[in-house]
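Visitor: I'd like to ask you about the structure that follows.
The values are calculated or read from the model by the stated rules, or taken from the named source; none is laboratory data. Source: prediction; values computed, not measured. Here the Cβ positions follow ideal geometry from the backbone for every residue, glycine too, while neighbour counts run over all protein chains shown. To get the accessible areas, we keep the full protein, side chains included, count just its heavy atoms, and leave off ligands, DNA and RNA. Shrake-Rupley method; radii C 1.70, N 1.55, O 1.52, S 1.80 Å.
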Amino acid sequence: MTEGLIFDLKRFALHDGPGIRLTVFMKGCPLRCWWCHNPESFRNDSQVLERDNKIGDRIVGTQLEKIGQTFSIKTLANEIEKEIVFFDESGGGVTFSGGEPLFQLEFVKTALKYCKQQDIHTCLDTSGFAPFSAFEDILAETDLFLYDLKLMDDDEHKSYTGVSNRIILDNLKRLANTGKKITIRFPVIPGITDTHHNINALVQMLASIKTVSKISLLPFHNIAETKYQRLGIINQMKGVKSLTNEDLKHMQSDLQSMGYEVSIGG
Ligand code: SF4
C-alpha cells in the first residue's frame with residue numbers, strides 16, 4: 001500500500017493556489033535554503049522532539065511531539081473529503097507542498113489521481129529539483145504548478161540552497177513547453193535574492209517563458225527561529241529582520257509594469 005510521510009495539514013489555506021485549500025506538507029527536501037520556514041521538512045523520516053509546556057512565560061513541563069505522520073491514501077482521502085464543501089464554494093482544492101512533494105512521488109501521484117477522480121482542483125508547490133520524469137508522471141493530474149525560483153546565479157544558488165539550479169531552470173522550461181499553468185514563487189530574502197543582478201536575471205529568464213503570467217512574492221519572515229532551536233539546526237538568518245508586504249510594493253509594481261500579475265504573500 002502506498003504511504004506518505006506528512007508533517008502538517010493546513011486547512012483553510014488561502015495562499016497556496018486559488019480558493020480555499022487543504023495544503024498537504026510532505027516531509028523530506030533535498031535543498032537546505034537558508035531562509036526555510038519549514039526546517040522540520042528537511043529530513044525524510046519522522047522525528048520526536050521535546051516541547052515546553054508554558055503558562056505565560058513560565059515553563060511548567062515538557063512533552064514529546066512527533067514530527068511526521070505516516071498516512072495511507074485512504075487516511076488522506078478522509079481528510080480531503082471533510083474540506084470538499086469549502087473547495088466547492090470557493091473554487092479551491094488540494095495543494096501538495098513540503099519539503100519537496102516530488103521526493104515522495106508514488107504517494108503524491110496516487111493522491112493527485114484520487115483528487116482528480118473526485119474532480120478536485122490540484123496544485124503542486126515544488127522547488128523544481130527533481131528528475132523531469134517526476135513532472136511527467138504527475139502532469140495529467142496537476143492543474144497548477146507553484147514553481148519556486150530563488151537565485152539565478154548557479155554559484156549563489158549552491159551557496160544558499162546547497163544544490164545547483166541547472167536542473168530547476170531546465171525543468172521549468174520543459175514544464176512550460178507542456179502548456180501547463182505555472183505560477184512562479186519568488187522568496188524575497190534581504191541581501192540574498194533581492195539584489196538587482198538576481199532580479200534582472202530572473203526577469204530576463206522569465207521573458208523567454210510565455211506560459212508564466214503570475215508571480216507570487218514571498219516576503220522573508222524570521223518566524224522559524226524557535227523551530228531551528230528545537231531541531232538543533234543552525235539558523236543562518238538569525239537576527240535578520242522580517243520584511244513586510246509594504247517593503248515589497250515597489251518590486252510588485254515594477255513586475256506589474258512588465259505585464260505580470262503579481263501577488264504578495266502567495
Ligand atoms: S525548497 Fe522549500 S522546503 Fe526545501 S529547504 Fe528550500 S524553502 Fe525549505
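Visitor: Please give the strands (runs of 3 or more DSSP E) falling wholly within segment 1-87 in which 2 or more residues are more than 16 Å from the ligand (Cβ to nearest atom), open to solvent by 30 Å² or more (accessible area, probe 1.4 Å) and under 29 Å from ASN222 (Cβ atoms).
Guide: Strands (runs of 3 or more DSSP E) meeting the threshold: 3-13, 47-55, 58-67.
Visitor: From the list LEU248, LEU231, exactly one residue is at pLDDT below 95, closer than 28 Å to GLY68 by Cα and in contact with a Leu (Cβ under 8 Å, 6 or more places away or on another chain). Which is it?
Guide: Only one candidate passes the filter, namely LEU231.
Visitor: Next question. Taking the residues in segment 156-191 that are open to solvent by 10 Å² or more (accessible area, probe 1.4 Å), aliphatic (A, V, I, L, M) and away from the ligand (no atom under 12 Å from the Cβ) as candidates, determine which candidate is nearest to PRO131 (Cα to Cα).
Guide: ILE167
Visitor: Check segment 254-261 and report whether any residue there is closer than 19 Å to SER41 by Cβ, over 18 Å from the mean Cα position of the chain (by Cα) and among the hydrophobic types (A, V, I, L, M, F, W, C).
Guide: Taking every residue of segment 254-261 in turn, none turns out to be closer than 19 Å to SER41 by Cβ, over 18 Å from the mean Cα position of the chain (by Cα) and among the hydrophobic types (A, V, I, L, M, F, W, C).
Visitor: If you scan segment 205-224, which residues turn out to be in contact (Cβ under 8 Å) with a residue 40 or more places away in the chain, farther than 16 Å from ASP194 by Cβ and of a type outside the set (A, V, I, L, M)?
Guide: SER213, LYS214 - these are the residues of segment 205-224 that are in contact (Cβ under 8 Å) with a residue 40 or more places away in the chain, farther than 16 Å from ASP194 by Cβ and of a type outside the set (A, V, I, L, M).
Visitor: How about segment 225-266: which of its residues are under 24 Å from LEU202 (Cβ atoms), part of a loop (DSSP other than H, G, I, E, B) and touching a helix residue (DSSP H, G or I) at 6+ places or on another chain (Cβ under 7 Å)?
Guide: The one that is under 24 Å from LEU202 (Cβ atoms), part of a loop (DSSP other than H, G, I, E, B) and touching a helix residue (DSSP H, G or I) at 6+ places or on another chain (Cβ under 7 Å): MET258.
Visitor: Looking at segment 139-163 only, could you name the residues that are under 13 Å from VAL94 (Cβ atoms) and outside any strand (DSSP E or B)?
Guide: GLU141, THR142, ASP143
Visitor: I'm trying to understand the selection: among the residues of segment 184-195, which are free of Cβ contacts under 8 Å to residues at least 40 places away in the same chain and under 19 Å from the mean Cα position of the chain (by Cα)?
Guide: Within segment 184-195, ILE184, PHE186 meet the criteria.
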